[in-house]
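The values are calculated or read from the model by the stated rules, or taken from the named source; none is laboratory data. Bear in mind the structure is a predicted one, so any value in this text is a computation, not a measurement. Don't worry about glycine lacking a Cβ; one is built from the backbone with ideal geometry, like all the others, and counts go over all protein chains shown.
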Amino acid sequence: MINQMQERYARHFNLKEIGLEGQEKLRQAKVLVIGAGGLGSPVLYYLAAAGVGTIGIADHDKVSISNLNRQILHTSADIGRKKVESGAEKLLSLNPEISIIMHDMKVTPENIAALLAGYNIVVDATDNFTSRFLISDYCFRLEIPLIEAGVQGFEGIILTIIPGETPCYRCLYPNPPEDRKAFEGLGIVGATAGIFGSLQALEVIKRITGAGKTIAGILVFDGLDGSFRNVKWSQRKDCPLCGQNPTNL
């Protein structure tokens, strides 16, 4: 078993930023990924491959054929299956040494606190503003680091929110836009979701192992011209969540 572990994570052991100590931190970590779709698929695959010891998958949806251009965790044979079941099967096939916790549920104000309990880091891979604001608010209150990303078409953004260290999500968007699916009816190239899901996974791995630095500000990518740019992101004094006079959201 030790030899298998050494072989599986040999490329991590060869990195001074991870090594044996970092791999043990990954093994002990508990990460929750909310959403097993376009962003969640690459996040989950790479966290499982990296040896994150406990991975939670939260999703209430079933696999449909329209998902398959970007949701690489699922295949045509999975159409009609619950995404948490399909996802857990693939991840355990990739790495049977880890534990997968399935949360077949829609995130609501009534269950969010219990859902987040016990996890070290949360990845938001949802597709609607209601969930995003709910997740970010509770992660802030519970002091859980949150890796946030959003994609559409050939473009995407990613930001890492560390309570007490960075601005919060409401410093960027004080109040939710109209309650609708964030990308409903909009086109998306699957590879764009792959880029940002991979970046989310990398941020998780860095946070767990202490390697490198958290993405500063908001990282924006335009796939049509192949450019990355960093947008400054500052705490708002009037932020309803982390400002000088927070409201009871």
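For this structure, a couple of remarks:
- Filtering Gly80, Gly35, Gly53 for residues that are surrounded by fewer than 21 Cβ atoms within 10 Å (Cβ to Cβ), under 18 Å from the mean Cα position of the chain (by Cα) and small (Gly, Ala, Ser) leaves a single hit, Gly53.
- Flag for Ser64 being polar (S, T, N, Q), within 14 Å of the chain's Cα centre (by Cα), closer than 19 Å to Leu186 by Cβ and modelled with pLDDT of 95 or more: no
- Being in contact (Cβ under 8 Å) with a residue 60 or more places away in the chain, in contact with a helix residue (DSSP H, G or I) (Cβ under 7 Å, 6 or more places away or on another chain) and charged (D, E, K, R) is a description that applies to Lys25.
- When residues of the stretch 211-234 are limited to those that are outside any strand (DSSP E or B) and among the polar types (S, T, N, Q), the one nearest to the chain's Cα centre (by Cα): Thr214
- A single member of Glu165, Glu148 is more than 24 Å from Thr54 (Cα to Cα) and either touching a residue at least 24 places away in the same chain (Cβ under 8 Å) or in a loop (DSSP other than H, G, I, E, B) (or both), and it is Glu165.
- Within the stretch 55-70, residues that are in contact (Cβ under 8 Å) with a residue 12 or more places away in the chain have Cβ atoms under 7 Å from residues that are assigned to a strand (DSSP E or B) and not hydrophobic (A, V, I, L, M, F, W, C) in these pairs: Gly56/His103; Ile57/His103; Ala58/His103; Lys62/Lys82, counting only partners at least 6 apart in sequence or on another chain.
- The stretch 199-217, residues that are modelled with pLDDT under 95 and either farther than 26 Å from His12 by Cβ or touching an Asp or Glu at 6+ places or on another chain (Cβ under 6 Å) (or both): Gly217
- For the stretch 149-198, taking the residues that are among the charged types (D, E, K, R) and buried (at least 16 other Cβ atoms within 10 Å of the Cβ), the one that is modelled with the lowest pLDDT is identified as Arg170.
- Residue in the stretch 95-111 that is farthest from Phe154 (Cα to Cα), counting only those that are touching a residue at least 40 places away in the same chain (Cβ under 8 Å) and assigned to a loop (DSSP other than H, G, I, E, B): Glu97
- Hits in the stretch 78-101 (condition: under 19 Å from Gly38 (Cβ atoms) and not acidic (Asp, Glu)): Ile79, Gly80, Arg81, Lys82, Lys83, Val84, Ser86, Gly87, Ala88, Lys90, Leu91, Leu94
- Within the stretch 124-151, the set of residues being in contact with a helix residue (DSSP H, G or I) (Cβ under 8 Å, 6 or more places away or on another chain), more than 17 Å from Gly194 (Cβ to Cβ) and of a type in the set (Gly, Ala, Ser) comprises Ser136 only.
- Residues (surrounded by 17 or more Cβ atoms within 10 Å (Cβ to Cβ) and touching a strand residue (DSSP E or B) at 6+ places or on another chain (Cβ under 6 Å)) located in the stretch 208-232: Ile215, Ile218, Leu219, Phe221
- The residue list Glu85, Glu89 contains one member that is among the charged types (D, E, K, R), surrounded by fewer than 21 Cβ atoms within 10 Å (Cβ to Cβ) and in contact with a strand residue (DSSP E or B) (Cβ under 8 Å, 6 or more places away or on another chain), which is Glu85.
- Residue match in the stretch 85-94 (condition: on the phi < 0 side of the Ramachandran plot and not in a helix (DSSP H, G or I)): no
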